[in-house]
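No value in this document is a laboratory result; all are computed from the given coordinates. Predicted, not measured: the structure shown is a model, and the values here were computed from it. Positions of Cβ are generated from backbone atoms using ideal geometry, with glycine treated the same way; all protein chains shown enter the neighbour counts.
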Amino acid sequence: MERFLKQFWWKIIGIGLLMFAIVSGLWIPLYQGVEGLSFPNLPILNESIRNLLFHVPMWFSMVFLLLLSFIYSIAYLGTPDRMKDNYAVGFAQVGVLFGALGIFTGMVWAKSTWGAFWTNDPKLNGAAIGMLIYFAYLILRSSVEDEMKRGKLAASYNIFAFNIYIAFIFVIPRLTDSLHPGNGGNPAFSSYDLDNTLRLFFYPASLGWIALSMWISSIWIRYNFLTQEYEEYED
Amino acid sequence: MKNMKIRNIFFTVLSLIFGQLLWAQEEPVTAELLNQSNKMIAVIAVLLIILLGITAFLIFMEMKISRLEDKMNKK
Amino acid sequence: MQNRYLCFMKFGWQVLNFVWLELKLEFRLKYAIAGLLMFVLSTVYLVYFSLEYQGVRGDLLPTIWSIFFWLIVLFTTVNATFQSFSKLSQGKMLLYYTLVSPQVFIAAKLIVNALVSLILSLLTGLIFIFILGNPSQQFAVLLLSLSIGTMGYSLLFTYISAIASKSGGNASLAVVLGFPLALPLLSIIVKLFGESFNPSLSLNFDNNLWIALGFNFIPLLLALILFPYIWRD
């Protein structure tokens with residue numbers, strides 16, 4: 001993993017995919033009854049459907065980073081090691097950052113389609129609760145002085161929190177009414193919202209965002225590790 | 001299916017190049033107006049510049065951190 | 001096979017013994033339980049007076065009833081579970097290290113806390129009904145959602161309190177760590193609880209009940225798996 005994070009090829013591919021997503025997502029027209037490359041023209045969404053290439057992948061990358069953080073926490077409980085703890089906290093922090101970005105893009109989208117920045121939607125509440133959970137994780141880390149103890153407590157809290165959070169965001173929106181697609185009778189992406197053309201651009205965009213988030217978190221983690229080592233060296 | 005995808009990609013690239021010419025005669029909706037008045041290009045260009053700026057910053061940070069890591073390891 | 005069965009029996013026996021010991025300790029320290037009851041009574045009276053002086057007690061909305069009720073139950077549960085860890089002294093902890101395995105310890109704690117907070121929340125419910133009236137039309141649904149919700153909280157907060165007390169923090173750290181995690185369960189339980197105010201159940205009731213039970217099961221399982229790692233310093 002460490003070696004993989006230092007390699008350059010996937011970062012270049014990710015940035016390329018993001019450039020592709022920006023250009024194609026803003027350039028391709030909506031379907032106007034003419035054959036050719038076009039995005040679906042849906043009644044409420046209209047032009048805002050282009051946000052699909054930005055808002056949804058941000059959530060994907062957040063969940064992906066939190067999953068990585070969860071895996072590193074499990075590894076830390078197996079064999080405690082400072083680097084693993086560093087990875088766990090770094091991925092969680094950048095995951096929270098991407099969650100905040102997802103909330104902002106979602107708010108803009110919600111304003112133009114549902115008419116308000118914040119609606120009482122289960123997915124929105126799930127997102128807000130997720131942010132709160134990971135803030136609590138960071139508070140727990142800052143409240144313990146001893147490094148070994150901090151690592152253990154934070155790792156066990158992270159595992160605990162991730163399970164509950166994932167259960168919440170994947171189970172609850174499916175069983176109550178929601179404005180998001182795929183919930184409470186609204187058709188899911190897979191049925192017709194996400195048609196083949198859109199899918200052709202959506203998956204590369206998701207990969208690109210995930211690559212960018214991984215890159216940012218790898219730099220953030222290495223920076224933090226370097227700072228720690230330097231402080232110890234100074235002492 | 002595979003042919004369709006290849007065709008789609010081909011069309012994408014083609015339309016990216018000739019997009020201006022191909023869709024210039026459509027009925028004007030918002031994006032079309034933006035396209036016609038070249039404003040969409042400006043939006044895309046600004047977004048690309050921001051993205052490239054972030055990339056440059058990340059590369060700069062990565063190189064700097066690698067150098068510092070080497071230095072740290074030597075000590 | 002035989003051996004595993006015996007092991008399980010032994011584990012269950014140890015847990016039962018430990019639960020009995022803990023319950024005896026819990027009720028011998030009368031000030032702890034009495035303090036929680038005082039907390040419940042005084043907050044209920046606060047609610048009562050504030051409603052009475054506004055003149056809205058007569059036509060109290062069931063929603064408001066349920067909001068006050070869950071706030072009080074939530075804080076009582078947090079206090080009850082947190083003090084079960086914070087009152088353990090260092091010496092007693094050392095004694096437990098030598099006597100039992102971590103799984104037995106946490107299983108007993110989970111059971112004791114679930115029982116204690118179940119009793120406390122049922123008492124709270126009784127006091128509420130006695131003082132503020134009974135708005136429910138389906139009393140069985142109220143009781144069911146009340147017990148599932150309280151058990152879920154206490155299981156969750158038992159583990160959170162273990163983390164908070166290990167980190168040397170105070171009760172407010174347990175609140176900070178636990179409340180975001182309790183919100184998913186809270187959202188579903190409030191929904192279930194609200195159905196007792198209607199004359200008939202909605203179609204989603206079964207589904208929501210299973211989710212609520214699932215949210216009881218997740219903390220239970222995770223606490224049993226994770227506690228051995230944070231048990232020793």
Requested in this report: Mind checking which of C:T63, C:I33, C:T124 is farthest towards the positive end of segment C:2-231's charge dipole, using Cβ charges of +1 (Lys, Arg) and -1 (Asp, Glu) about the Cα centre?
Outcome: C:I33
Query raised in the report: All other residues with a Cβ under 14 Å from the Cβ of A:Y76 taken together, and with Lys, Arg as +1 and Asp, Glu as -1, what is their net charge?
Result: +3
**Report entry** Distance in nm between pseudo-label sites at A:I12 and A:K149 (7 Å out along the Cβ direction from Cα)
**Finding:** 4.9 nm
Query raised in the report: Over 28 Å between Cα atoms, which of A:K11/A:K149; A:K11/A:K84; A:K6/B:K71 qualify?
Result: A:K11/A:K149
Requested in this report: Please count, across chain C, the pairs of lysine residues with Cα atoms under 18 Å apart that sit 8 or more places apart or on different chains.
Outcome: 10
**Report entry** Value at 222 nm in deg cm²/dmol, rounded to 500, when DSSP H runs of n ≥ 4 in the protein assembly as shown each add -39,500 (n - 2.57)
**Finding:** -28000 deg cm²/dmol
Query raised in the report: Taking segment C:2-231 on its own, what percent of its Cα-Cα pair distances exceed 24 Å?
Result: 48 percent
Report summary line: Between C:Q54 and C:A140, the two model label points (7 Å from Cα along the beta-carbon direction) sit apart by a distance in nm of 3.4 nm
Report summary line: Helix A:196-234: inclination vs chain A longest Cα principal axis, degrees, rounded to 10, gives 20 degrees
Report summary line: So the FRET efficiency between C:K87 and B:E69, C-beta based with R0 = 45 Å and rounded to 0.05, is 0.40
Query raised in the report: So how do A:V23, A:V94, A:V56 line up by other beta-carbon neighbours within 10 Å, fewest first?
Result: A:V23, A:V56, A:V94
Report summary line: segment C:1-36 scanned against label point 7 Å out from C:L99 along Cα→C-beta; backbone N under 13 Å for C:14-26
Query raised in the report: Roughly how many debye, to the nearest 20, is the charge dipole of the protein assembly as shown about its Cα centre, given +1 on each Lys and Arg Cβ, -1 on each Asp and Glu Cβ, and no other charges?
Result: 1260 debye
Query raised in the report: Can you give the FRET efficiency for B:A56 and C:N204, using 1/(1 + (r/R0)^6), R0 = 45 Å, r = Cβ-Cβ distance, to the nearest 0.05?
Result: 0.30
Query raised in the report: In the neighborhood of C:S86, defined by Cβ-to-Cβ distances under 14 Å, what is the net charge if each Lys or Arg adds +1 and each Asp or Glu adds -1?
Result: +3
Requested in this report: Would you mind classifying the protein assembly as shown by shape? Square roots of the alpha carbon gyration tensor eigenvalues, ordered a ≥ b ≥ c; an a/c under 1.5 is rounded, otherwise it is prolate if a/b is larger than b/c and oblate if not.
Outcome: oblate
Query raised in the report: Taking the Cα atoms only, what angle lies between the long axis of helix C:205-231 and the longest principal axis of chain C, rounded to 10 degrees?
Result: 30 degrees
Requested in this report: Can you figure out the FRET efficiency of A:R199 with A:E234, using R₀ = 45 Å and their beta-carbon distance, to the nearest 0.05?
Outcome: 0.30
Report task. Please grab the % of Cα pairs in chain A that end up more than 23 Å from each other. Result -> 55 percent
Query - Interchain or long-range residues, amide H under 5 Å from A:L30's placed H - result: A:F39
**Report entry** Taking chain A and dividing mean pair separation by its residue count, relative contact order in percent (alpha carbons under 8 Å, at least six apart)
**Finding:** 32 percent
Query raised in the report: Roughly how tilted is helix A:147-175, in degrees to the nearest 10 and between 0 and 90, from the longest Cα axis of chain A?
Result: 20 degrees
Report task. Determine the gain in length on full extension of the stretch C:I64-C:S147; use 0.36 nm per residue of separation and subtract their C-alpha separation, reporting nm with one decimal. Result -> 27.9 nm
Query raised in the report: Under a point spin-label approximation (7 Å from Cα along Cα-to-Cβ), what is the C:C7-C:L224 distance to one decimal in nm?
Result: 1.3 nm
Report summary line: Per GNM of chain A with C-alpha springs under 10 angstrom, the most fluctuating residue out of A:I133, A:I44, A:I12 is A:I44
Report summary line: So, over other residues within a Cβ distance under 15 Å of C:V141, counting Lys, Arg +1 and Asp, Glu -1, the net charge is -1
Report task. With springs only between Cα atoms under 10 Å apart, run a GNM on chain C and tell me which of C:L132, C:L173, C:L99 wobbles the most. Result -> C:L99
Report summary line: Mean other chain Cβ within 10 Å across A:21-27 is 6
**Report entry** Relative contact order (%) - criterion: Cα under 8 Å, at least six apart; region: segment C:2-231
**Finding:** 26 percent
